[in-house]
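Below is one structure, written out as structure tokens; the observations come after it.
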Amino acid sequence: MKYKFLFLLLFVVFGGSRAAFAHNYHTSITDVKYNPRSQSLEVAVKVFTDDLESALSRRAKKDIHYSNSAAVKQQLSNYLHSTLAFALQPGKPLAYTLLGSEEEDDAIWLYIEVPLKQATLPQLYVKNAVLMDTFSDQMNIVNISYKGKTESMLLQKDEQEKKVSF
């Protein structure tokens with residue numbers, strides 16, 4: 001009896017420890033800053049590593065693990081282009097480039113540049129459906145900084161796109 005208790009205790013401590021590191025919510029943070037010198041949007045998207053790997057694996061129909069390889073960068077770029085969009089006019093998404101990515105603890109930062117070719121930003125349409133195809137409870141927080149002012153929005157499965165006016 002004593003050994004069963006010890007075995008159960010060891011299982012809970014070591015077997016359950018993995019669950020202790022898992023997160024119970026699905027969220028991303030996107031920071032968008034207008035750079036007047038380059039007339040572009042500088043975008044940083046932060047997602048949990050395991051969530052991003054799940055989404056990429058689901059699309060590729062094979063296990064994908066984050067790395068800085070060219071193949072993973074291409075998969076990241078393809079995924080972002082299908083789930084993240086910026087537009088000055090409805091239905092006319094702007095082209096953008098994935099500049100790179102980096103790991104930070106249990107998250108990945110993805111860096112994007114969106115050329116605007118104009119000196120002002122009267123409004124911006126943002127679509128952020130990142131990870132929504134993988135997690136029904138996914139919430140994406142978007143912070144947009146323009147001329148010293150920051151606007152924030154929350155995008156969810158039922159509302160993946162919003163407009164902000166400056």
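Looking only at the stretch 17-26, decide whether some residue is at pLDDT 50 or above and either surrounded by 12 or more Cβ atoms within 10 Å (Cβ to Cβ) or at positive phi (or both).
Scanning the stretch 17-26 turns up at least one residue that is at pLDDT 50 or above and either surrounded by 12 or more Cβ atoms within 10 Å (Cβ to Cβ) or at positive phi (or both).
In the stretch 123-155, which residues are under 13 Å from Thr27 (Cα atoms) and free of Cβ contacts under 8 Å to residues at least 24 places away in the same chain?
Matches in the stretch 123-155: Ser136, Leu154.
Of all residues being among the hydrophobic types (A, V, I, L, M, F, W, C) and assigned to a helix (DSSP H, G or I) in the stretch 35-57, which is nearest to the chain's Cα centre (by Cα)? Just the residue, please.
From the stretch 35-57, those among the hydrophobic types (A, V, I, L, M, F, W, C) are 41, 43-45, 47-48, 52, 55-56; that's our starting set.
Filter again for assigned to a helix (DSSP H, G or I), leaving 52, 55-56.
On the way: Leu52: 8, Ala55: 11, Leu56: 12 Å.
Within the stretch 35-57, the match that is nearest to the chain's Cα centre (by Cα) is Leu52.
Does the stretch 42-57 hold any residues that are without any contact (Cβ under 8 Å) to a residue 40 or more places away in the chain and either surrounded by fewer than 16 Cβ atoms within 10 Å (Cβ to Cβ) or within 30 Å of Tyr146 (Cα to Cα) (or both), and which are they? Give the steps one after another, and end with the answer.
We begin by selecting, within the stretch 42-57, every residue without any contact (Cβ under 8 Å) to a residue 40 or more places away in the chain; these are 53, 56-57.
Passing the criteria: only Ser57.
The values are calculated or read from the model by the stated rules, or taken from the named source; none is laboratory data. Everything quoted here is computed from the prediction, not taken from an experiment. Positions of Cβ are backbone-derived with ideal geometry, glycine not excepted, and every protein chain shown enters the neighbour counts.
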